[in-house]
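The next block holds one structure in the form of structure tokens; read it before the comments.
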Amino acid sequence: MNFIEEMRWRGLLHDVMPGTEEHLLEGKRAGYIGFDPTADSLHVGHLSTAMLLVHFAHCGHQPIALVGGATGMVGDPTDKTNERQLLYEEELNKNVAGIHHQLKYLLEKAGGEGTINMVNNYDWMKDYTFLDFIRDIGKHLTVNYMTSKDSVKKRLEFGLSFTEFSYQLLQGNDFLHLYEKHNCTFQMGGSDQWGNIVTGTELIRRKAEGKAYAMTAPLVTRADGSKFGKSDGNDNVWLDAEKTSPYKFYQFWINQDDDMSEQYIKRFTLLEKAEIDELIEEHRANPGRRIVQNRLAKEVTTLVHSKEDLDLAITASGILFGKSTKENLQQLSKQAIQEVFEGVPTFTIQKTDLEHGIEVVDLMADKTTIVSSKGEARRSLKENSISINKEKVGLEAQVSTADLLNDTYILVQKGKKNYFLLEVQ
RNA sequence: GGGGGGAUACCAAAGUGGCCAACUGGGGCAGACUGUAAAUCUGUUGUCUUCGACUUCGUAGGUUCGAAUCCUGCUCCCCCCA
């Protein structure tokens, strides 16, 4: 299958070096993407680039995933306005291990065992001495060339340490190394990586007198246009089930608006063009059924987590968003509740607190962190946004042991989408 | 080294002695309408024992019946001249 052609219809082709398509059509090629260990788990932003490798493998090529044990120590200045904080070695090692594991799992699940070649640039950088490096690598590139990169230029005005300035040399050297040792002639990445990638192909041309190719994909943005993930806040969607539960992960995809879901289904699933076209057509004919969102959520949750996690997420979503009532909830067994609400924030409260009834305000503000203050608790009650066991409650409402589901649980809902489970002891 | 300007809630930005828990915009959170969408409209966005009280306007003091607003020290930021 023609990889570039595939990328083109999926809307994943932002920039491509001339001759790349022909080069890839000549036979099986090795291509890589680098991931810096900025956290111990990948997030959806990484997933979008990781999918490039998945598609690459799917088209019959050899994917190489590089974990940046070395580059992570330095920090990529791209899209950073401030100098990056250096990571401690211990934290770095943990991050490398986490990311390594996730990438391997993901790629093998999508492409079969043994499809992925995992490398860590720390392995070839750790014994490289500074002198050797500046003589071997630094000699081939001019500072003029390096400073002309956008990632550097933007920072020159505000300051950029020599450390981060050197980042592109490290990434360039990675490409050179893979070219020489793994016959890797192709690098992919997000569109912000173009500068760093080109440094690599340039280095290969000058030092190894070889020819290497590259392509970048548009960055995934949220509905509001901001870039996914990285270090902004905790609203990131992580691949690690501990950080973002499969249920939440599933909901993330379900909640995408129409435009986004059409983009995402091309990017994040391996479905064929004909099938996707059909889904989109069906969806547009009847948008209320959210066909694309549902399929997207199903595919991605299965890929990243598992079929079992998906089934639970669907069951949970059905109960939470379907027309279920208090009676439905009461019919659930204790075990079913536990399974369905896996990953929903849970608070433990004392049974004695409930015996004589307790004001909902006190319950939410004192016994849990559903709201951050009593003022907020009252406000949300006035706004009519709080439900207990699927029934809206007002300011005066009280909760007692009579409200317990299965003698153990109370389901609190704030707004339409935020659920909390209270477990009585 | 000299001169000038600034620091206000999540962000931006008004307010320059009492009408200020603090205009306005963005963001957030919710409600209505919907399709768990978008757009739109509405409410809300310091804390509490909530028709009232308390704590907030860089920081520490002071003046005053009363200060985000005036004075002094300190810290940090920006600009201009050398």
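Just so it is clear, none of the values below were taken in a lab; they were calculated from the coordinates. What you see is a predicted model; the values in this text were computed from it and never measured. As a convention, Cβ positions derive from the backbone with ideal geometry for all residues, glycine included, and neighbour counts pool all protein chains shown.
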| note | Footprinting proxy, A:Lys298, A:Lys392: sorted fewest to most Cβ within 10 Å, the residues are A:Lys392, A:Lys298
| field | lysines whose Cα lies under 27 Å from that of A:Lys273, excluding same-chain neighbours fewer than 8 positions away | value | A:Lys28, A:Lys104, A:Lys109, A:Lys227, A:Lys298, A:Lys307
| query | Of A:Thr368, A:Thr302, A:Thr244, which has the largest mean-square fluctuation in a 10 Å C-alpha GNM of chain A? | reply | A:Thr368
| At a Förster radius of 51 Å, what calculated FRET efficiency corresponds to the Cβ-Cβ distance of A:Lys181 and A:Arg289, to the nearest 0.05? | 0.50
| query | lysines within cross-link reach of A:Lys149: Cα-Cα under 16 Å, excluding same-chain residues under 8 positions apart? | reply | A:Lys80
| said: I need the trypsin sites (Lys or Arg not before Pro) found in the stretch A:48-150, filtered to DSSP loop residues with at most 12 other beta carbons within 10 Å of theirs. | reply: A:Lys126
| Please state the relative contact order of chain A as a whole percent: Cα pairs under 8 Å, 6+ residues apart? | 14 percent
| remark: Projected onto the charge dipole of the stretch A:243-380 (unit charges on the beta-carbon of Lys, Arg, Asp and Glu, signs +1, +1, -1, -1), the Cα from A:Val344, A:Gly375, A:Ile265 with the largest positive-side position is that of A:Gly375
| Roughly how tilted is helix A:194-207, in degrees to the nearest 10 and between 0 and 90, from the longest Cα axis of chain A? | 30 degrees
| query | With the Cα gyration tensor of the stretch A:97-149 giving a ≥ b ≥ c as the square roots of its eigenvalues, does the rule (a/c under 1.5 for rounded; else a/b larger than b/c for prolate; else oblate) give rounded, prolate or oblate? | reply | prolate
| request: Only Lys, Arg, Asp and Glu count, each charged at its Cβ (+1, +1, -1, -1), so figure out the dipole size of chain A about its Cα centre, rounded to 20 debye. | output: 560 debye
| said: Nearest 10 degrees is fine. How inclined is helix A:258-268 to the longest principal axis of chain A, computing both from alpha carbons? | reply: 50 degrees
| What shape does chain A have by the C-alpha gyration tensor, where a ≥ b ≥ c are the square roots of the eigenvalues, rounded means a/c under 1.5, and otherwise prolate means a/b greater than b/c and oblate the rest? | prolate
| the stretch A:91-136: chymotrypsin sites (Phe, Trp or Tyr not before Pro) falling in loop per DSSP and having at most 16 other Cβ within 10 Å | A:Tyr128
| query | So what's the gap between the Cα centers of the stretch A:12-52 and the stretch A:354-425, to the nearest angstrom? | reply | 47 Å
| query | Could you give the angle, 0 to 90 degrees to the nearest 10, between helix A:273-285's Cα long axis and the longest principal axis of the Cα atoms of chain A? | reply | 40 degrees
| Separation between the A:Ser306 and A:Asp15 pseudo-spin-labels, each 7 Å from Cα along Cα→Cβ, expressed in nm? | 4.1 nm
| note | Looking only at aspartates and glutamates whose Cα falls under 15 Å of A:Lys207's and that sit 8 or more positions away or on another chain, we get A:Asp132, A:Asp136, A:Asp174, A:Glu180
| said: Given points 7 Å out from each Cα along the Cα-Cβ axis, report the A:Gln330 to A:Arg8 separation in nanometres with one decimal. | reply: 6.3 nm
| query | Going through the stretch A:1-36, which trypsin sites (Lys or Arg not before Pro) have at most 11 other Cβ atoms within 10 Å and a DSSP loop state? | reply | A:Lys28
| said: What distance in nm separates the two pseudo spin-label positions at A:Glu108 and A:Tyr145, each 7 Å out from Cα along the beta-carbon direction? | reply: 3.9 nm
| note | Too long for a 24 Å Cα-Cα cut-off, among A:Lys351/A:Lys416; A:Lys243/A:Lys323; A:Lys334/A:Lys382; A:Lys367/A:Lys392; A:Lys326/A:Lys414, are A:Lys351/A:Lys416; A:Lys243/A:Lys323; A:Lys334/A:Lys382
| Range in chain A, longest, excluding exposed GluC sites (Glu not before Pro) [loop by DSSP; at most 12 other beta-carbon atoms within 10 Å] | A:273-382
| message | Quick check: from the Cα gyration tensor, does the stretch A:1-50 come out rounded (a/c under 1.5), prolate or oblate? | response | prolate
| query | Roughly how many debye, to the nearest 20, is the charge dipole of the stretch A:161-313 about its Cα centre, given +1 on each Lys and Arg Cβ, -1 on each Asp and Glu Cβ, and no other charges? | reply | 420 debye
| said: Between the stretch A:113-181 and the stretch A:281-347, what is the separation of their alpha carbon centroids in Å? | reply: 45 Å
